[in-house]
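S.K.: Quick one: the structure is below, questions incoming.
The values are calculated or read from the model by the stated rules, or taken from the named source; none is laboratory data. For clarity, every value in this text was computed on a predicted model and none was experimentally measured. Positions of Cβ are backbone-derived with ideal geometry, glycine not excepted, and every protein chain shown enters the neighbour counts. Side chains included, ligands, DNA and RNA excluded: accessible areas come from the protein's heavy atoms. Shrake-Rupley method; radii C 1.70, N 1.55, O 1.52, S 1.80 Å.
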Amino acid sequence: MEKTITAIEAQKHNRNRVNIILDGVYAFSLDQLTAAWLKSGLKLNEQQIAQLLAKDEQQSAYSRALHFLSFRSRSYKEVRTYLEHKGYATEVVEAVLAQLEQDGLIDDARFSREWVENRTTFRPRSQSMLGWELKQKGVSSETIETALAEAELDDADLALEAAHRSLGRYAGLPWEDFARKLGAYLQQRGFSAQVTWATIRKLWTAMQDSSSMQDT
């Protein structure tokens, strides 16, 4: 059974959506992009209406995904989980993810490289910790290994950089407290006991040497 579009009205509180009036009665709303080809007087059958609603749901999911991605890069799994939690059907989620990949908006390899670079620059931690974080984001082991290998990281350098960033709060402590607190700090960031201890000794020795030079 066909129904005739008698009006297409912009929504007052969402200018990106329009209300579709069929035979003088409100029927449903659509995203403006989905409704772009519609006009008053056009007749729609049940199949066409179902296709419009399905396309609208996919457009809605795509728009939400873009908003989610606008804050920072996301992994494939993060976007999937977000859309699923918003209640979109599996086939809609799959279609949106495929479109986002095609548009170059989600790419786990790029995401992993950016994650490693950002963490290394602003919040240094061990390679194992970086790998664990990416694993939690749903990135494959192979992609993680590639990202870490390309970054050419060294845990000794990472630990030293991490320690330098927090040194101000521990520098005035006696040896026992210095070693204990800095050690806990570094191990929380995934560094091994060997790397942690070597870093502590290196910084302590450097501080003592600097203090001796200032006294002379």
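S.K.: Angle between the Cα long axis of helix 76-85 and the longest principal axis of the chain, 0 to 90 degrees, nearest 10?
M.R.: 50
S.K.: Let me ask something additional. Can you compute the FRET efficiency between residue 156 and residue 17 using 1/(1 + (r/R0)^6), with r the Cβ-Cβ distance and R0 = 45 Å? Round to the nearest 0.05.
M.R.: Taking R0 as 45 Å, the efficiency between residue 156 and residue 17 is 0.20.
S.K.: Among 40, 106, 16, whose Cα lies farthest out toward the positive end of the dipole of the stretch 1-119, if unit charges sit on the beta carbon of Lys, Arg (+1) and Asp, Glu (-1)?
M.R.: 16
S.K.: By how many nm would the segment from residue 117 to residue 40 lengthen if fully extended, with 0.36 nm per residue of separation less the alpha-carbon distance?
M.R.: 22.4 nm
S.K.: List the GluC sites (Glu not before Pro) in the stretch 130-176 that DSSP assigns to loop (not H, G, I, E or B) and whose Cβ has at most 15 other Cβ atoms within 10 Å. Which are they?
M.R.: In loop regions of the stretch 130-176 (DSSP not H, G, I, E or B), the sparsely surrounded GluC sites (Glu not before Pro) are 152.
S.K.: Would you work out what percent of the accessible area of the stretch 1-59, with all protein chains in place, is carbon or sulfur (probe 1.4 Å)?
M.R.: 50
S.K.: Turning to a different aspect of this structure: How much length, in nm to one decimal, is gained on full extension between residue 8 and residue 206, taken as 0.36 nm per residue of separation minus their Cα-Cα distance?
M.R.: Stretched out fully, the residue 8 to residue 206 stretch lengthens by 63.9 nm.
S.K.: Continuing with the same structure: In whole Å, how far is the Cα centre of the stretch 148-194 from that of the stretch 54-70?
M.R.: 42
S.K.: Here's something else I'd like to know. When all protein chains stay in place, what accessible area (Å², nearest 10, 1.4 Å probe) is found for residue 164?
M.R.: Surface accessible to solvent at residue 164 totals approximately 100 Å².
S.K.: Report the trypsin sites (Lys or Arg not before Pro) located in the stretch 48-79 that are in a DSSP loop and have at most 16 other Cβ atoms inside 10 Å of their Cβ, or state none.
M.R.: Of the trypsin sites (Lys or Arg not before Pro), the ones in loops of the stretch 48-79 whose Cβ has at most 16 other Cβ atoms within 10 Å are 72.
S.K.: Something else: What accessible area per residue, rounded to a whole number of Å², is obtained for the chain using a probe radius of 1.4 Å?
M.R.: I get 60 Å² per residue for the chain.
S.K.: Output the 0 to 90 degree angle, nearest 10, between the alpha-carbon long axis of helix 155-170 and the longest principal axis computed from the alpha carbons of the chain.
M.R.: The answer is roughly 80 degrees.
S.K.: Count the lysine pairs in the chain whose Cα atoms sit under 30 Å apart, keeping only pairs 8 or more residues apart in sequence or on different chains.
M.R.: 21
S.K.: Right, something else. What ranking of 195, 93 comes out by heavy-atom accessible area, probe 1.4 Å, highest first?
M.R.: 195, 93
S.K.: From the list [x] 21.7; [y] 20.5; [z] 25.5, can you say which value of Kirkwood radius over Cα pairs in Å was derived from the structure given?
M.R.: [x]
S.K.: Per DSSP H run of n ≥ 4, the term is -39500 (n - 2.57); total these for the chain, divide by its residue number, and report the mean residue ellipticity at 222 nm rounded to 500 deg cm²/dmol.
M.R.: Roughly -20500 deg cm²/dmol at 222 nm, from the helical runs in the chain.
S.K.: Can you pull the accessible area of residue 110 for me, 1.4 Å probe, Å² to the nearest 10?
M.R.: 80
S.K.: Starting from the Cα gyration tensor of the stretch 1-82, take the square roots of the eigenvalues, sort them a ≥ b ≥ c, and report rounded, prolate or oblate (rounded when a/c is under 1.5, otherwise prolate if a/b is larger than b/c, else oblate).
M.R.: Here the stretch 1-82 falls in the prolate category.
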